[in-house]
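Peer 1: Quick one: this structure, given as structure tokens, is what I'll be asking you about.
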Amino acid sequence: MALTIEDMAIFCKKKGFIFPNSEIYGGIAGFFDYGPLGVELKNNIKQSWWKTFVQDRDDVVGIDGTTITHPKVWKASGHVDCFGDIMLECTKCKERFRGDHLIQDVLKIQADGLSKEDIDKLVIENKIHCTKCKSPLGPAHEFNLMFTTQVGPVVTEESKTYLRPETAQLIFADFKAVMDTSRQKLPFGIAQSGRAYRNEISPRDFLFRSREFEQMEIEFFIHPKETKCALLSKEDLDFEFQILTQDNQEKNQSHSKIKAKDMIKNKVAGEWHVYWLRQVYQWFIDMGIKKENLRLREHLKDELAHYSSACFDIEYQFPSGWKEIHGNANRGQFDLQQHEKVSKKSMAIFDEATQEKVIPRVIEPSQGTDRAFLAVMFDAYEDDKERGNIVLKLSPRLSPIKVAVLPLVNKLEDEAKRIYNLLKKEFTCIYDRSGSVGRRYARADEIGIPYCITVDFEGKDDKTVTIRYRDNTKQVRVKIDDLIDTINNMIKGKYL
């Protein structure tokens, strides 16, 4: 049987990756807590993203903005007026449904971008009823997804503000401050990683659609007249994407393969858009995601966000089908122009290359951290029938625990503890002496530990240990003095 999203949720809870929030009180839908293993894996994903897209680049800097900000930020951005989903409510039991999801589940059709009029028509024509009590549904209506809160001791309309529904707007609000202090020149980017909050009508599919989550976003600022991307390499241009274009979707065709240079030539996407899609696509592959499980999907015109003129999703092939794990939007000048209009503060900057004042346009690679976590877990999960246990084949760079130290027998515990104390200063490690070595190997496999170090009597005499690699069970004997360098090389993929 294929692994389901429910199976993954059970596995994550059992192994200490993810727990339902407030479970002792019955839980609360759409909120999850990361356990001891989950927080390590999630942090490794965030650190990989930050190092790849901020620290290893000269043209991207970071910020860490607040989750509560001035409410005019969200008025200017359009979220107060335009950030919502279509809701349907049962006339009897009052169960609430997100309209496009209900249509998609019942009719098995693509429902992204449907208006409330479209949804009402489909509900009536297909006699769609409440899935809980089978009663009729009321008319569709808009529901704003932002959580509201109050600032200060007195509750008034003036004290009302919002928990941020995305991390992007803090970047736009801080744009001039960053530009004035970072000495960056166009083109350049500002990155932020942090929590966001959306009051989803019907959170579902475990981490995939929750009410509190994390994002990793870049707003990359470009001269508004610049269409050529000097950063595009020949390797980028020759890179082949799986892609589902608008034409394919409208003709109900499957995705095809297309090289980046042909996407540009055929005006599927511009050079800067293709560049950033390639960078993020490659990052997923570098994290261990199989290329065949990734594809691009071009947004249909009627599903584009109010700020976007073009958008591509990177989708992952989950057991339930292709689902978005990354969004890459062309936001144009919308956000900076809106903040200039509402704040009455100029968002124009002086571009030294062209000797003119401009408001940059923006390409936005926007990454859901929790969705990346979920994709990594599904891609790594393998039910190994020969071994008789789950093997979680996480990239060693992402694995929450890198090394398990195992004494062959209890008499070797002192020597094993010395090795453990040596290694834990360099790597996340565990020490495991309980049960047979085979059982301990299986426990390590199930939580994704790539390297098990066994301390045996032979090694006590010649100062060596055995390293076992999780994915193929291959073992090598290594001198203790070389152990740290050897493990570092293995994590980089140079051995085993």
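Peer 1: Restricting attention to segment 378-402, which residues are over 17 Å from THR428 (Cβ atoms), outside any helix (DSSP H, G or I) and touching a strand residue (DSSP E or B) at 6+ places or on another chain (Cβ under 7 Å)?
Peer 2: TYR381, GLU382, ASP383, ASP384, ILE390, VAL391, LYS393
Peer 1: Is it true that ILE119 is among the hydrophobic types (A, V, I, L, M, F, W, C) and within 25 Å of the chain's Cα centre (by Cα)?
Peer 2: no
Peer 1: VAL274 passes all but one of (1) under 20 Å from PHE318 (Cα atoms); (2) at pLDDT 95 or above; (3) crowded, with 20+ Cβ neighbours inside 10 Å; which number fails?
Peer 2: (1)
Peer 1: Only one of these conditions is not met by GLY270: (1) out of contact with any Ser or Thr (no Cβ under 9 Å at 6 or more places or on another chain); (2) under 21 Å from GLN367 (Cα atoms); (3) small (Gly, Ala, Ser). Which number is it?
Peer 2: Among (1) out of contact with any Ser or Thr (no Cβ under 9 Å at 6 or more places or on another chain); (2) under 21 Å from GLN367 (Cα atoms); (3) small (Gly, Ala, Ser), GLY270 violates only (1).
Peer 1: Report yes if SER22 is over 21 Å from PRO400 (Cβ atoms) and polar (S, T, N, Q), otherwise no.
Peer 2: The answer is yes for SER22.
Peer 1: Sort through GLN246, GLN242 and tell me the only one that's surrounded by 20 or more Cβ atoms within 10 Å (Cβ to Cβ) and of a type in the set (S, T, N, Q).
Peer 2: Just one listed residue meets the conditions, GLN242.
Peer 1: Checking the conditions here, which among ILE453, ILE449 is more than 24 Å from LYS290 (Cα to Cα), buried (at least 19 other Cβ atoms within 10 Å of the Cβ), modelled with pLDDT of 95 or more and touching a strand residue (DSSP E or B) at 6+ places or on another chain (Cβ under 8 Å)?
Peer 2: Only one candidate passes the filter, namely ILE453.
Peer 1: Mind checking which strands (runs of 3 or more DSSP E) fall wholly inside segment 330-377 and carry at least 2 residues that are surrounded by fewer than 22 Cβ atoms within 10 Å (Cβ to Cβ), without any contact (Cβ under 8 Å) to a residue 60 or more places away in the chain and of a type outside the set (Gly, Ala, Ser)?
Peer 2: The qualifying strands (runs of 3 or more DSSP E) are 356-358.
Peer 1: Please specify each residue of segment 174-196 satisfying the condition of being in a helix (DSSP H, G or I) and of a type in the set (Asp, Glu).
Peer 2: ASP180 - this is the single residue of segment 174-196 that is in a helix (DSSP H, G or I) and of a type in the set (Asp, Glu).
Peer 1: Could you run through segment 422-438 and say how many residues are within 33 Å of the chain's Cα centre (by Cα) and among the basic types (Lys, Arg)?
Peer 2: 2
Peer 1: Please enumerate the residues belonging to segment 209-241 that are under 29 Å from ILE18 (Cβ atoms) and either touching a helix residue (DSSP H, G or I) at 6+ places or on another chain (Cβ under 6 Å) or modelled with pLDDT of 95 or more (or both).
Peer 2: Answer for segment 209-241, where residues must be under 29 Å from ILE18 (Cβ atoms) and either touching a helix residue (DSSP H, G or I) at 6+ places or on another chain (Cβ under 6 Å) or modelled with pLDDT of 95 or more (or both): SER210, ARG211, GLU212, PHE213, GLU214, GLN215, MET216, GLU217, ILE218.
Peer 1: Ok, one more. Based on what the data block shows, is ALA111 surrounded by 15 or more Cβ atoms within 10 Å (Cβ to Cβ) and assigned to a loop (DSSP other than H, G, I, E, B)?
Peer 2: So ALA111 passes the test.
Peer 1: When you check GLU458 against the structure, is it assigned to a helix (DSSP H, G or I) and loosely packed, with under 15 Cβ neighbours inside 10 Å, yes or no?
Peer 2: Judged against the criteria, GLU458 is a match.
Peer 1: Please go through segment 318-329 and pick out each residue that is closer than 19 Å to PHE208 by Cβ and either more than 18 Å from the chain's Cα centre (by Cα) or touching a residue at least 12 places away in the same chain (Cβ under 8 Å) (or both).
Peer 2: Within segment 318-329, PHE318, PRO319, SER320, TRP322, LYS323, GLU324, ILE325, HIS326, GLY327, ASN328 qualify.
Peer 1: Report whether or not GLU315 is under 17 Å from the mean Cα position of the chain (by Cα), over 20 Å from PRO187 (Cβ atoms) and in a strand (DSSP E or B).
Peer 2: Answer is yes for this residue.
Peer 1: Can you find a residue in segment 91-98 that is touching a helix residue (DSSP H, G or I) at 6+ places or on another chain (Cβ under 6 Å), farther than 22 Å from HIS299 by Cβ, buried (at least 16 other Cβ atoms within 10 Å of the Cβ) and touching a residue at least 40 places away in the same chain (Cβ under 8 Å)?
Peer 2: No - not one qualifying residue is present in segment 91-98.
Peer 1: Does LYS72 meet the test of being of a type in the set (D, E, K, R), surrounded by 19 or more Cβ atoms within 10 Å (Cβ to Cβ) and either at pLDDT 95 or above or not assigned by TED's automatic domain parsing to the domain that holds GLU157 (or both)?
Peer 2: For LYS72, the condition - of a type in the set (D, E, K, R), surrounded by 19 or more Cβ atoms within 10 Å (Cβ to Cβ) and either at pLDDT 95 or above or not assigned by TED's automatic domain parsing to the domain that holds GLU157 (or both) - is not met.
Peer 1: Taking segment 149-173 as the search range and keeping residues that are under 29 Å from the mean Cα position of the chain (by Cα) and assigned to a strand (DSSP E or B), which one is surrounded by the fewest Cβ atoms within 10 Å (Cβ to Cβ)?
Peer 2: Looking at residues that are under 29 Å from the mean Cα position of the chain (by Cα) and assigned to a strand (DSSP E or B), I get THR149.
Peer 1: For the subset of segment 394-425 comprising residues that are surrounded by 14 or more Cβ atoms within 10 Å (Cβ to Cβ) and among the acidic types (Asp, Glu), which member is nearest to ILE487 (Cα to Cα)?
Peer 2: GLU415
Peer 1: Hey, another quick one. Applying the selection to segment 72-108, what residues are of a type in the set (A, V, I, L, M, F, W, C), in a loop (DSSP other than H, G, I, E, B) and within 25 Å of ASP174 (Cα to Cα)?
Peer 2: PHE83
Peer 1: What residue, among those in segment 16-69 that are small (Gly, Ala, Ser) and touching a residue at least 60 places away in the same chain (Cβ under 8 Å), is surrounded by the fewest Cβ atoms within 10 Å (Cβ to Cβ)?
Peer 2: The residue in question is ALA29.
The values are calculated or read from the model by the stated rules, or taken from the named source; none is laboratory data. Just so it is clear, the structure is predicted and the values come from calculations on it, not from any experiment. Virtual Cβ from ideal backbone geometry, glycine too; neighbours counted across all protein chains shown.
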